[in-house]
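Where a number appears in this text, it was derived from the coordinates with a stated rule and is not lab data. Worth saying up front: this structure is predicted, and the values here are computed from it rather than measured. Note: ideal-geometry Cβ built from the backbone for every residue, glycine included; neighbour counts use all protein chains shown.
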Amino acid sequence: MEQEIVLKPEILGFFHSFPVTNTLFTSWIVMSVITIITIILAYSIKTIPGTLQSLFEIIIDTGYSTVEGLAESKSKVFFPFVMTFFFYILFSNLLGLFPGFGTITFKGAPLLRSMNSDLNMTLGLALFSAFMTHFFAIRYLGFVDYLKKWFTLNPIFLFVGILELIGEITKIVSLSFRLFGNIFAGEVVLSTVSSIFAFIVPLPFYFLEIIVGFVQAAVFMMLTLVFMVILSEKHGAEQHS
């Protein structure tokens with residue numbers, strides 16, 4: 001049976017007047033899975049690590065080394081946020097490849113749908129990324145120096161500041177649409193191939209989507225980190241120090 005692909009997430013029901021979509025329901029599952037894994041790891045840390053602990057230690061160590069190479073002294077502050085983005089997006093991308101997504105129905109609509117195939121979800125992640133970026137900028141620069149990045153009495157620098165403000169909006173658009181476009185396109189490809197070929201042929205496409213899911217999580221993490229580092233830099237002070 002051919003699976004129809006729609007752009008808008010399906011509404012499963014309402015909590016009071018708040019619509020609960022299948023992508024929102026999937027996001028709750030992702031948060032639950034991450035929470036459970038975190039609790040398991042926290043209460044099973046051993047001197048001689050097992051397979052799961054070793055895997056996450058490698059990921060965490062690699063992630064922290066990457067963050068430290070860019071953020072330096074701010075690494076301990078930036079790392080928890082950007083790594084949470086990475087795990088949240090990665091788990092949601094991988095979970096969307098599991099059997100049952102798009103096939104199990106509830107009231108005629110798919111019960112589960114890949115979280116990042118919903119533009120509302122990716123836009124929410126991009127907005128939160130932008131919020132934390134500017135929050136850290138104010139924290140490290142101070143509110144006055146933060147405003148000086150955008151506004152000055154010099155007409156030329158004022159124009160540049162306005163362009164940079166517009167650039168902040170395009171960052172949000174870029175982050176959200178890049179993640180949404182790649183995951184939604186993968187969902188369409190997998191659905192199309194699976195509706196034509198039931199076995200074997202779809203497997204290479206699943207492996208490709210695993211790679212895409214990992215890459216998109218890493219890209220979102222790295223772009224957020226770069227934006228945080230750049231915006232929280234005090235260029236003048238660094239040049240005189």
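Fraction of C-alpha pairs exceeding 28 angstrom in the chain: 44 percent, rounded to a whole number.
Rounded, prolate or oblate, given the Cα gyration tensor of the stretch 12-154, with a/c below 1.5 counting as rounded? Cα axes put the stretch 12-154 in the oblate bin. Here the spin labels are modelled as points 7 Å beyond Cα on the Cα-Cβ line, and at Ile172 and Ile48 they lie 5.3 nm apart.
Name the trypsin sites (Lys or Arg not before Pro) in the stretch 97-172 that are in a loop by DSSP and that have at most 10 other C-beta atoms within 10 Å, would you?
Answer by residue number: Lys107.
Taken over the stretch 121-241, the percentage of Cα pairs per 10 Å bin, counting from 0 up to the bin with the maximum distance, is 12, 32, 25, 16, 10, 5, 1. When both the stretch 43-77 and the stretch 80-146 are represented by their alpha-carbon centers, they are found 21 Å apart. Charged neighbours of Lys76, selected by a Cβ distance under 15 Å, balance to -1 (K, R count +1; D, E count -1).
What the Cβ-Cβ distance of Ser195 and Leu147 gives, at R0 = 45 Å and to the nearest 0.05, is a FRET efficiency of 0.25.
With the gyration tensor restricted to C-alpha atoms of the stretch 159-220, the semi-axes of the equivalent ellipsoid amount to 36, 11, 5 Å, longest first.
Would you check the stretch 1-155 for Lys pairs whose C-alpha atoms are within less than 24 Å, ignoring same-chain pairs closer than 8 in sequence, and give me the count?
Pairs that pass both the separation and distance tests number 4.
Pairwise alpha-carbon distances in the stretch 22-64 exceed 16 Å for 49% of all pairs.
Label zone of Val219 (point 7 Å out along Cα→Cβ, amide N under 15 Å): in the stretch 106-149 this covers 116-117, 122-123, 126. A DSSP coil position with no more than 11 other Cβ atoms inside 10 Å describes the following chymotrypsin sites (Phe, Trp or Tyr not before Pro) in the stretch 1-63: Tyr43.
The trypsin sites (Lys or Arg not before Pro) found in the stretch 9-79 that occupy coil by DSSP, while having at most 13 further C-beta atoms within 10 Å, are Lys46.
Under 16 Å from a label point set 7 Å out along the Cα-to-Cβ vector of Phe56, the amide N atoms of the stretch 83-114 belong to 83-92. Compute the angle between helix 51-71 and the longest alpha-carbon principal axis of the chain, please, reported from 0 to 90 degrees and rounded to the nearest 10. So the helix axis and the longest Cα principal axis differ by about 30 degrees.
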